[in-house]
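In what follows, a single structure is set out as structure tokens and then discussed.
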Amino acid sequence: MQKNQQATREMDSVVQKDPIAAVATAPGEAGISVLRVSGEQAIEKVNRAFKGKDLASQKTHTVHFGKIIDGEQVVDEVLVTIFRSPASYTGEDTVEVSCHGGVLVTQRVLEALLKQDIRHAEPGEFTQRAFLNGKLELSQAEAVADLIHAKSMKAVEAAGIQLQGALGKHIAQFRQQIIDATAMVELELDFIEEDVEFASQQELLALLQSVDDEMGRLIDTYESGRLVKYGVQTVFVGRPNVGKSTLLNTLIGKERAIVSATAGTTRDTIDADWNYEGITFTLTDTAGLRETADEIEAEGVSRSESAINNADLILFLKDVSEELMDEELRLLEKIRNRAEKKVLLHVGTKADLVEKVDSDLYDVTISAKTGEGVEELKKNIKDAVLKGKSIDTGKLLVTSVRHRDALQKARSFIRSSMEALQQGVSGELLAIDLRAALHELGAITGEITTEDILDSVFSRFCIGK
Amino acid sequence: MNKDFDYDVIVVGGGHAGTEAAAASAKLGSKTLLITMNINMIGQLSCNPAIGGVAKGQLVREIDALGGIMGMVADSSGIQFRMLNRSKGPAMWSPRSQNDRAVYAIHVREQLERIPNLYFRQDTVNKIVAKNGCVHSVRTTSGQTYKARSIVLTNGTFLNGTIHIGEKSYGGGRSGEKAATGITESLHAYGFLSGRLKTGTPPRLDGRSIQYDKLEIQPGDENPHPFSFLTKQLPGQNEQLSCWIAYTSPKVHDLLRLGFDRSPMFNGRIKSTGPRYCPSIEDKINRFKDRDRHQLFLEPEGRNTYEMYLNGFSTSLPEDTQISALKSIPGFEHVHLIRPGYAIEYDYFPPHQIYRTLETKLIKGLFFAGQINGTTGYEEAAAQGLMAGINAHQHTIDKTKVVLNRSQAYIGVLIDDLVNKGTEEPYRMFTSRAEHRILLRQDNADYRLTELGYQIGLIDEDRYLKFKKKEKETDELSKAISSYSARPSSFNEFLSLKDQAPLKQSVKIPKLISRPHIELEELIAIDPELKETTRSITSDKEVIEQINILIKYSGYIEKEQELVKQIDLNESKAIPKSIDYNRIQSLSSEGKQKLIKIKPETIGQASRISGVSASDIAVLLIYIKS
């Protein structure tokens, strides 16, 4: 009997749906994080963000080392496991990406994957697919169900809180604008016989343009939203013994890093959180970047490089009493190569050792010993990160990658509908894009039904032949 | 038991739902009785003398493809034919006819009388009897009991119907006809819930008193399309009657306002909800105060009468107000009123109480179709009647009932919406309700549904073979065209006339057709070789048009089919009837309540119920795996 059931289950044809991705491990600091991608073409799509072997030609149940890249930039070194349909959790082609633990790195890897035409999974979606493809045993499944439910309720709650704020009002406004645009289109389709004035192309285009602009602005807030939510990744770099650990201790006000005069004392990266004017800076003290033969130190140096890759803000420390060394020049070069979007501050240290500092070389000079310049440095750090803008946490900020994702997708449909409108495409085809945009927004606001569209028609136009 | 009182299927009501239901179940072999209060009123067009329209025309094409009668009767009784929305894409094209009201009813009666298993009885049902959860019989005011295994209720606006004109109100199911009492009450006793809805109808006028030269004319199409696959020639095609367009004015509005204090709409006598898309004229004036005129359509009631129907002027204002306002409409200065407009309130049963088979959840073998489920419109009623008739028959022989999907037909969308979303105003079909409307076109209704109609048994062998021939020709022509190379020398002159870029090298025909304003028919006319290729396969213009549409829409059709494939996966996961939602801990409380109320039959259906979340669906999937 049992066997029979099993057989039927396996005979169920596996249907592969559009690829989805999500972080599979619990959020928070951990050794590694695992991201799961599942769906049609999942392997090929991950392959596009992967530097290493050609994943598309690898067998099922194999593990591959390589790098996740976002454009040209290396995001993290990862291990990738390939599962080919139907031998996977969901039954679909699946890729599991194990990256370094840590909220930010994981987030970045996820973002890099989402750029490959992969969508963020809905709560419980992997499990749902696993059921649909007959992959889960009942007993396992029941345990998972409770979990999903608990989690998604939390997600809904969290979204609810966020949606009560200004962000919610804004998204509600998009929703209404797109519903109104759809209503204008539908009006001409369903009520052709009515004596109502149909929207002009210009009117509709203007409405869609304003939605497009506003969405663009909102999507752009994700960068600062992310800073508020996840903190500013701040990395201290410089030659050994320029005072990185000392500065870190000064900022956080306690002895976190071991400070000594011996070069290379900090062999691993050290993290500490520093709160300043409402923003959390995660400070990473690195092993001094120098060319070394010491194996343990070399490992530390390599971690430092990865910290630089993930940094939002880099503090380049230099001892003002010393000449600029070749090593430092090469280091600066390295940083500049990777730091298009990152903020770099030149900090001169040990200002107490010289009488006059060549101020052109530094953004700020400090002396940890006398405390001179520390306040100025703090202010510089804040200004550099915010670039003159102020972060008002009560205001419009997209902090969730899921929300940003939904907004981006909705926006791409809006744009596609505008293009179609300009080409004079018939309304029923325009409506496909507009409804797709509404569907994407629905991921944030809850489902939008035909009734919402008809409500808009009936409230604005006199229908009734 | 006396055979005269013992049937397989009883249909109560002789409107558009009732006649389709009776025709379907009798044709399928069930001994069927149609009971109606007045046998002379079978197949009445109670409101406007027209069939079809946007989304409704698609419904009629589907009814026809499944073997229903509405399409044939609309064709044979038509006095004007138009294809609406021609300027839009083919998914929006919607056939509509004006019909001779008297001829329509006669032709419905004729269609029914051809069916051997179908019996008629003039009587008034006032009680539904069920035993052990199964429907048993109906009782009538004449004291008779009629037994059946399946009973279909299609009571229209008759259940406790109340007619309102100004300050007058009286019991009635339609102008000049009595209301039906007792049925609602007997269903309450079995636990059914009922509600009240309202609808209205405009005045009928004497056409001899109207100055047509002051109105705009609206003629029919030159080459009209029939509704039915079986209609080869429309009898009324060459002598179509015109409709006329008139407008109200501020003066008309002022005169109407004089009656507002005596309007049952405004003085609170009518409490039930009317349709927002079919408001009364007083509602329009009240809600859209900035409009200084409203469009009215004057529609002929038939070839042998001067009676005219004033579409857009539905009203329940006092008769004297109606008359004085009408007389101030330009062209209506000397108008003579034949029948005043009125509003009618009636009972309906909120449709979460039925399954998608239209069988009620509380009583086995009892089916509801038409306005009793909260819909409005002849086409919506007929569609439900057809499905209820089919399933009433299936019930009598213990066979699987038929449910159409949302991706298969507007009929599927209609019934699925009713069951899952319910309705608080009379439900009318719109194309915007169908998420897959690109696929649900009037042109492909036969391709979508004839096969199913044949399997059910409503499409006869002869028609089926004709359809199969058409289908085969479509396939063959499609293949031939796809491999046919269009040479620049044959088409560049034509393309330059159309302001289109010339061909630099030969391309396959579909590539040319996918350009805007290039039709297959034109290409065939230009290229003798292509003409010969086509002629060797088919001479059917509809086949050529079908291919033209399929090519022009192909990108969208493919995308949509991909979506449907994904959705169908959930659609095929059945939820067992025995499921006890209270025992499923992980469901959200709102989700649980809705699931208990609606009792969805599949996971797909559950996912469309508002309040049932994605995680509820995941939880459900787990439980039905056991």
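The values are calculated or read from the model by the stated rules, or taken from the named source; none is laboratory data. Note that the structure is a prediction, hence the values are computed from the model and not measured. We place every Cβ from the backbone using ideal geometry, glycine too, and count neighbours over all the protein chains shown. For accessibility, only protein heavy atoms count, side chains too; no ligands or nucleic acids. Shrake-Rupley method; radii C 1.70, N 1.55, O 1.52, S 1.80 Å.
Sparse packing (at most 14 other Cβ atoms within 10 Å of the Cβ) combined with a DSSP loop state is found for the following trypsin sites (Lys or Arg not before Pro) in region B:357-407: B:399. When every Cα-Cα distance of region B:374-441 is counted in 5 angstrom steps from zero, the calculated P(r) takes the values 4, 17, 24, 25, 18, 8, 4, 0 percent. The alpha carbons of region B:573-625 occupy a box of 21, 21, 19 Å along the principal axes, longest dimension given first. Here the dipole of region B:528-626 is about 600 debye; that uses its Cα centre as origin and unit charges on the Cβ of Lys and Arg (positive) and Asp and Glu (negative). The calculated pair-distance distribution of region B:219-290 uses every alpha carbon pair, bins of 5 angstrom beginning at 0, and gives 3, 11, 16, 14, 10, 8, 9, 11, 11, 6, 1 percent. Summing Cβ point charges (Lys, Arg +1; Asp, Glu -1) relative to the Cα centre of the protein assembly as shown gives a dipole of roughly 3140 debye. Per residue, the convex hull around the alpha carbon atoms of region B:462-557 comes to 95 Å³. Per-residue ellipticity at 222 nm from helix content only, as computed over the protein assembly as shown with -39500 (n - 2.57) for each DSSP H run of at least four residues, stands at -13000 deg cm²/dmol.
Kirkwood radius, the protein assembly as shown, all distinct C-alpha pairs, inverse of mean reciprocal distance: 33.7 Å. Sorted largest first by accessible area at a 1.4 angstrom probe radius, with every protein chain in place, the residues B:590, A:440 fall in the order B:590, A:440.
Annotation note: GluC sites (Glu not before Pro) in region B:293-334 located in DSSP loop regions with a Cβ neighbour count of at most 16 within 10 Å are B:333.
Under 23 Å Cα to Cα from residue B:214, which lysines show up? Leave out anything in the same chain fewer than 8 places away. Within the straight-line limit of under 23 Å, residue B:214 reaches these lysines: A:465, B:251, B:327. In this structure residue B:536 has an accessible area near 90 Å², from a 1.4 Å probe over the protein heavy atoms. For the pair region B:397-447 and region A:25-72, the centres of their Cα atoms are 43 angstrom apart.
For chain B, the percent of C-alpha pairs falling in each 20 Å distance bin, counted from 0 to the bin holding the largest distance, reads 18, 48, 29, 4, 0. For the listed residue pairs A:318/A:356; A:67/A:342; B:168/B:198; A:67/A:244; B:88/B:198, the alpha carbons are over 22 angstrom apart in A:67/A:244; B:88/B:198. Among the GluC sites (Glu not before Pro) in region B:198-293, those located in a DSSP loop and surrounded by at most 11 other Cβ atoms within 10 Å of their own Cβ are B:222. The charge dipole of region B:462-557, taken about its Cα centre with unit charges on the Cβ atoms of Lys, Arg (+1), Asp and Glu (-1) only, comes to about 260 debye.
Just to make sure I understand: if all protein chains stay in place, what is the order of B:583, B:448 by accessible area at 1.4 Å, largest first? Kindly include the intermediate steps, with their values, before the conclusion.
Values: B:583 180, B:448 45 Å².
Largest accessible area first, the residues go B:583, B:448.
Taken over region B:265-344, the alpha-carbon convex hull comes to 117 cubic angstrom per residue. When you restrict to C-alpha pairs under 8 Å that are six or more residues apart and normalise by the size of region B:462-557, the relative contact order lands at 33 percent.
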